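First the structure, in the form of structure tokens, and then the observations on it.
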Amino acid sequence: MPKSLISIQDFSKDEILRILDSAAGFEKDRERDFLAGKVVACLFFEPSTRTRLSFEAAVNRLGARVIGFPDTRNTSQTKGETLEDTIRIVSNYVDLIVMRHPMAGAADIAASVASVPVINAGDGANQHPTQTLLDLYAIKKTQGRLEGLDINMVGDLKYGRAVHSLVEAMSWFSPRFTFTSPEELNIPRKYLEMLDSRGVPYRQVSRIEDGLNECDILYMTRVQQERFPDMEEYEKVKDVYRLTASMLGGVRPGMRIMHPLPRVGEIAEDVDPTPYAYYFQEAGGGMYVRMAIISYLLGYSF
Ligand code: CP
């Protein structure tokens, strides 16, 4: 079975660091067409702006070509074709598959039947490993290191797949976590058990003010409306946090605010011009990180 990236646990700490180094190389020189002749399928069964377009840009900059469909309604899944059959067929056409799907575990299913590498571009509320690699790239760039940082994750820690992958990855780098969420959106127990087993310290708070001044990275997240089984529950928590510039008076000078985006009100626009805002640069690095991931899984690295 070819090597895929389904969960961030599929990469060792050493592989993660190699991807980050490789991404830095692509950022210095992004015109590299050594994948000329390769074809990559971008199968997005769920909406995306950043992930899809940065993957497609990455493929193009590497000299390969992209195939895909505008949305799920244009596929034979509407006629009842299974995900497994779709992946078996697409595997015949391409050298690599990038897939986003609303169902947790879908990427794992795809990799189990694919004859080419599969990259998980987000599966339900489960994992978003390429987001995590670009988050690590941003953290290393802004803090100069990954080791020994105070990370405060804020918002929807229950359904936020970017949170889940990042917690797993950062646990390799001796962090101290603060998890800021209302009780309804607490991080799932299995991630806390994983941190316990690795001896990683954490605390859980519900007021955003409680962890603002003691972190190096403030990782804000959107409340994931599309994952709630009950819209009344969503309405109760949708506006739970709103970070404004006036709240940043006592933060560490090197603190940086990150967000996987899109934001829908949890970061006020008056935060954007502050020296702490880093979410747009964070997303910008995604293309280089994805160039590095694609190259690595196709057997090229530099
Ligand atoms: N961060 C992220 O996954 O954004 P998109 O949903 O726009 O791809």
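The values are calculated or read from the model by the stated rules, or taken from the named source; none is laboratory data. In this text the structure is predicted, and so the values were computed from the model without any measurement. Note that each Cβ is placed from the backbone with ideal geometry, even for glycine, and that neighbours are counted across all protein chains shown. Surface areas here come from the heavy atoms of the whole protein model, side chains and all, with no ligands, DNA or RNA. Shrake-Rupley method; radii C 1.70, N 1.55, O 1.52, S 1.80 Å.
Descriptive notes on the structure:
- Subset of the stretch 265-302 that is outside any helix (DSSP H, G or I) and touching a residue at least 60 places away in the same chain (Cβ under 8 Å) - its residue that is farthest from the ligand (Cβ to nearest atom): Phe302
- Residue count for the stretch 9-24, restricted to those that are assigned to a helix (DSSP H, G or I) and more than 15 Å from Gly286 (Cβ to Cβ): 9
- Test: Pro262 is within 14 Å of the ligand (Cβ to nearest atom), outside the structural domain of Ala58 (by TED's automatic domain parsing), outside any helix (DSSP H, G or I) and open to solvent by 10 Å² or more (accessible area, probe 1.4 Å): yes
- Residue match in the stretch 51-59 (condition: out of contact with any Phe, Trp or Tyr (no Cβ under 8 Å at 6 or more places or on another chain), in a strand (DSSP E or B) and modelled with pLDDT of 95 or more): no
- Of the residues making up the stretch 135-187, those that are touching a residue at least 24 places away in the same chain (Cβ under 8 Å), within 19 Å of Val237 (Cα to Cα) and open to solvent by 40 Å² or more (accessible area, probe 1.4 Å) are Lys158, Glu184, Asn186.
- Hits in the stretch 19-59 (condition: within 16 Å of the ligand (Cβ to nearest atom), of a type outside the set (Lys, Arg) and open to solvent by 60 Å² or more (accessible area, probe 1.4 Å)): Pro47, Thr49, Leu53
- Filtered residues of the stretch 98-119 (kept if surrounded by fewer than 16 Cβ atoms within 10 Å (Cβ to Cβ) and either within 14 Å of the ligand (Cβ to nearest atom) or hydroxyl-bearing (Ser, Thr, Tyr) (or both)): Pro102, Ser112, Ser115
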